[in-house]
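Colleague: Sharing a structure with you now.
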Amino acid sequence: KCTQLRLQKLVYLCFADYLCDTGKKLFKDPIYAFKYGPVVYTVYEKYKKYGYKPIEEEKEDIDTTVSEMSAKSRILFAEDGTEKIISIDSTLKRYSHLTAGQLVDVTHRANTPWTMTPKGTWIFYSEIKPEIIKEYHKFEII
């Protein structure tokens, strides 16, 4: 089971690892410095309804699932898809055993991109720039 908090941290770490390994973004969405850590807003919007509860598998209407591929298949067929899947799998292998709290400890250490980015207000959050993520995470040790 995965909570929204844990998911956000894993998505962020997947982005950071891919960026450091390839110099390219894993996805186009910006990462913001929210009050409780780095957040991809589109992921937040989709799963915020779960709060601190585990995310439940969502049952989709049969008409929409027939034409859609699984998430992993969609990534695989995207530009640099194989490279992205290998990177994501590697990151998940390194971090997926950690709890949400332990992942927070990783992303909230002193001088991380999240701590170095102004948090803004509840109306506006500051983007954590990819350059800052790359600069920090290329030296990261868990």
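The values are calculated or read from the model by the stated rules, or taken from the named source; none is laboratory data. This structure is a prediction, so every number in the text was calculated from the model and none was measured. All Cβ positions, even for glycine, are placed from backbone atoms using ideal geometry, and neighbour counts span all protein chains on display. The protein model used for the area step is the full one, side chains on, heavy atoms only, and it has no ligands, DNA or RNA in it. Shrake-Rupley method; radii C 1.70, N 1.55, O 1.52, S 1.80 Å.
Colleague: For residues that are part of a helix (DSSP H, G or I) and open to solvent by less than 70 Å² (accessible area, probe 1.4 Å), tally how many sit in region 81-107.
Modeller: The first filter runs over region 81-107 and keeps only residues part of a helix (DSSP H, G or I), leaving 81-95, 100-107.
Subsequent filtering for residues that are open to solvent by less than 70 Å² (accessible area, probe 1.4 Å) retains 81, 84-85, 87-92, 95, 100-101, 103-104, 106-107.
Final tally of qualifying residues: 16.
Colleague: Could you check region 69-117 and list, in sequence order, the residues that are of a type in the set (Phe, Trp, Tyr) and within 19 Å of residue 31 (Cβ to Cβ)?
Modeller: Going through region 69-117, the residues of a type in the set (Phe, Trp, Tyr) turn out to be 77, 95, 114.
Listed by number, the residues that qualify are 95, 114.
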